[in-house]
Amino acid sequence: MPAMLLDGKKLAGDVRAGLGPRIAALAARGVVPGLAVLLVGEDPASVSYVTAKEKACSELGMNSFERRLPADCSEGDIVRVVREFNADPAVHGILVQLPLPKGISESRVIEEISPEKDVDGFTPVNIGRMVIGDPCFLPCTPHGVIKLIEVSGIKTAGAHAVVVGRSNIVGKPLANLLTRKSINATVTVCHTGTRDLAEHTRRADILIACAGAPELIKADMVKPGACVIDVGVNRVDDATKAKGWRLVGDVDFRAVSEIAGSITPVPGGVGPMTITMLLYNTVESAERAAR
Ligand code: NAP
């Protein structure tokens with residue numbers, strides 16, 4: 001039987017609808033939540049992510065402030081813009097679009113973002129708070145994944161979750177959130193050093209693929225009935241498309257959906273949730289600033 005589709009687009013719409021009254025309440029007090037975006041260089045994928053985030057802000061009546069710097073700018077130029085955003089009371093959230101050009105230290109730049117405006121949840125302060133379980137901005141993609149799992153009624157307590165990927169922005173925070181008492185999963189984290197990936201993935205009640213490897217997860221790597229969350233977004237060549245490429249996830253969607261109990265599509269799964277949780281964090285930041 002084909003798997004239940006976990007519809008990130010619909011859930012994102014529901015979460016955004018819930019933000020509407022909160023934004024209206026802020027507006028009544030003269031506050032418009034503002035997201036400041038810094039884009040360095042002209043990487044086409046980064047440009048399209050930034051455009052999507054700004055469009056989402058304007059659809060909800062939020063402000064977005066965009067600054068662009070050339071790819072050959074210095075780390076000092078980037079830090080100066082971040083500091084301007086930190087000091088601007090109209091800015092409640094700061095997003096530095098990654099990746100930054102070679103030669104620029106991403107961690108040095110991220111550390112400059114005020115933790116109170118770090119709506120991506122990338123600063124060491126926010127990551128530390130997340131690990132301890134203190135109030136913080138959760139990183140948007142892991143937060144979106146957790147919401148998708150929770151809302152879909154997937155049982156997490158006592159479940160074995162396998163996370164394929166250990167990046168600072170997706171895999172590691174996801175693994176951490178899954179071990180929270182409120183979720184109570186037992187977590188295995190896989191990476192390129194994992195000896196037999198399939199042996200681990202086949203034991204997953206909840207399998208989360210965040211490797212950036214097109215269709216890495218095949219049907220014979222999935223336990224029947226498992227919940228499969230595909231975070232991957234990969235461009236693969238496709239001569240039948242006008243653009244010459246198409247998007248695929250880290251999961252062989254067609255085959256795996258015959259085995260899994262539930263599955264996210266790409267696109268339309270985790271992606272819309274990521275942007276939505278960024279808006280969510282920005283509204284939260286504006287509310288905190290208005291208190
Ligand atoms: P990343 O920084 O490149 O990390 C990838 C991780 O996967 C690494 O830990 C790597 O292991 C592991 N990995 C790669 N190939 C593997 C393999 N064959 N077997 C086992 N592990 C493997 O990527 P990321 O930033 O976390 O992003 C991951 C994917 O999610 C990308 O496709 C990205 O585009 C997508 N993404 C989507 C959203 C969204 O909103 N939908 C948001 C963010 C990212 P090592 O540590 O050993 O190298």
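The values are calculated or read from the model by the stated rules, or taken from the named source; none is laboratory data. Predicted model, so just to flag it, every value in this text is computed and none were measured. Quick reminder, even Gly has a Cβ in these numbers, built from the backbone with ideal geometry, and neighbours come from all protein chains shown. All accessible areas refer to the heavy atoms of the entire protein, side chains included, with ligands and DNA or RNA removed. Shrake-Rupley method; radii C 1.70, N 1.55, O 1.52, S 1.80 Å.
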Worksheet entry | Under 15 Å from the Ala198 label point (7 Å along Cα→beta-carbon), backbone N, region 235-260 | 252, 256
Fill in: Within the chain, helix-based [θ] at 222 nm, where runs of 4 or more DSSP H residues each add -39,500 (n - 2.57), nearest 500
-12500 deg cm²/dmol
Worksheet item: Shape of region 30-114 from its Cα gyration tensor (a ≥ b ≥ c, root eigenvalues): rounded if a/c is under 1.5, otherwise prolate when a/b > b/c, or oblate?
Response: oblate
Worksheet, complete the sentence: Expressed in nanometres to one decimal, the distance between label points 7 Å along Cα→Cβ at Leu5 and Ala17 is 1.8
Item to complete: Give the peptides 80-91, 211-222 in descending order of average Cβ contacts within 10 Å, highest first.
Response: 211-222, 80-91
Discussion item. Taking the solvent-accessible surface of protein heavy atoms with a 1.4 Å probe, what is the per residue accessible area of region 140-272 in Å²?
Written reply: 46
Fill in: Sorted peptide list for 121-133, 181-193, 273-285, criterion being average Cβ within 10 angstrom, highest first
273-285, 121-133, 181-193
Response to the item:
Straight-line reach check, Lys102, cutoff 15 Å on alpha carbons, 8 or more apart in-chain or any other chain, hits among aspartates and glutamates -> Glu42, Asp43, Asp72, Glu75, Asp77
Worksheet item: Any idea of the accessible area per residue across region 1-85, 1.4 Å probe, to the nearest Å²?
Response: 53
Worksheet item: Given a 1.4 Å probe and every protein chain left where it sits, what share in percent of the accessible area of region 1-117 is carbon and sulfur?
Response: 57
Response to the item:
From the cross-link list Lys9/Lys55; Lys53/Lys117; Lys10/Lys218; Lys53/Lys243; Lys147/Lys181; Lys155/Lys223, the entries with a Cα-Cα span beyond 24 Å are Lys10/Lys218
